[in-house]
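See structure below.
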Amino acid sequence: MAFCFYICNLNAALAMLGKFLEFAGMLCNLHIKWLIFAQDWWVRNGLSLLNKGLRGYTSANNFL
(Lines give C-alpha, C1' and ligand atoms only; values in the text may rest on other atoms or scores of the structure.)
Protein backbone atom coordinates (compact mmCIF):
# COMPACT_ATOMS: atom_id res chain seq x y z
CA MET A 1 0.00 0.00 0.00
CA ALA A 2 2.75 2.47 0.94
CA PHE A 3 4.72 1.56 -2.20
CA CYS A 4 1.72 2.36 -4.41
CA PHE A 5 1.28 5.67 -2.58
CA TYR A 6 4.95 6.51 -3.22
CA ILE A 7 4.69 5.64 -6.93
CA CYS A 8 1.48 7.67 -7.33
CA ASN A 9 3.07 10.68 -5.63
CA LEU A 10 6.17 10.29 -7.79
CA ASN A 11 4.03 10.27 -10.93
CA ALA A 12 2.17 13.37 -9.72
CA ALA A 13 5.44 15.13 -8.91
CA LEU A 14 6.85 14.32 -12.35
CA ALA A 15 3.66 15.56 -14.00
CA MET A 16 3.84 18.83 -12.04
CA LEU A 17 7.52 19.20 -12.92
CA GLY A 18 6.68 18.67 -16.58
CA LYS A 19 3.97 21.34 -16.46
CA PHE A 20 6.33 23.74 -14.68
CA LEU A 21 9.07 23.22 -17.27
CA GLU A 22 6.54 23.70 -20.07
CA PHE A 23 5.42 26.98 -18.48
CA ALA A 24 9.02 28.11 -17.92
CA GLY A 25 9.82 27.36 -21.57
CA MET A 26 6.81 29.38 -22.67
CA LEU A 27 7.93 32.34 -20.52
CA CYS A 28 11.46 32.12 -21.92
CA ASN A 29 10.14 32.05 -25.48
CA LEU A 30 7.91 35.05 -24.75
CA HIS A 31 10.86 36.94 -23.23
CA ILE A 32 13.02 36.29 -26.32
CA LYS A 33 10.21 37.45 -28.64
CA TRP A 34 9.77 40.60 -26.52
CA LEU A 35 13.50 41.39 -26.66
CA ILE A 36 13.52 41.03 -30.46
CA PHE A 37 10.43 43.26 -30.77
CA ALA A 38 11.82 45.89 -28.38
CA GLN A 39 15.19 46.08 -30.15
CA ASP A 40 13.46 46.36 -33.53
CA TRP A 41 11.27 49.17 -32.19
CA TRP A 42 14.26 51.04 -30.77
CA VAL A 43 16.18 50.78 -34.04
CA ARG A 44 13.17 51.88 -36.13
CA ASN A 45 12.76 54.96 -33.93
CA GLY A 46 16.45 55.81 -33.96
CA LEU A 47 16.90 55.20 -30.24
CA SER A 48 19.50 52.46 -30.40
CA LEU A 49 22.78 53.21 -28.63
CA LEU A 50 24.68 51.77 -31.55
CA ASN A 51 22.89 54.08 -33.98
CA LYS A 52 23.40 57.30 -32.01
CA GLY A 53 25.90 57.30 -29.21
CA LEU A 54 28.51 54.62 -29.39
CA ARG A 55 29.12 54.76 -33.13
CA GLY A 56 29.62 58.53 -32.96
CA TYR A 57 32.22 58.25 -30.23
CA THR A 58 34.20 55.58 -32.02
CA SER A 59 34.13 57.22 -35.43
CA ALA A 60 37.53 57.84 -37.01
CA ASN A 61 36.38 61.34 -38.03
CA ASN A 62 36.40 62.43 -34.39
CA PHE A 63 40.16 62.03 -34.27
CA LEU A 64 40.91 64.10 -37.40
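The values are calculated or read from the model by the stated rules, or taken from the named source; none is laboratory data. What you see is a predicted model, and the numbers here were worked out from it, not measured in a lab. So basically every Cβ, Gly included, is an ideal-geometry build from the backbone, and we count neighbours across all protein chains shown.
Out of the residues in region 26-64 that are of a type in the set (Gly, Ala, Ser), part of a helix (DSSP H, G or I) and at pLDDT below 75, which is surrounded by the fewest Cβ atoms within 10 Å (Cβ to Cβ)? My answer is Ala60.
Any residue at all in region 4-23 that is surrounded by fewer than 10 Cβ atoms within 10 Å (Cβ to Cβ), out of contact with any Pro (no Cβ under 7 Å at 6 or more places or on another chain), modelled with pLDDT under 85 and outside any helix (DSSP H, G or I)? Within region 4-23, not a single residue is surrounded by fewer than 10 Cβ atoms within 10 Å (Cβ to Cβ), out of contact with any Pro (no Cβ under 7 Å at 6 or more places or on another chain), modelled with pLDDT under 85 and outside any helix (DSSP H, G or I).
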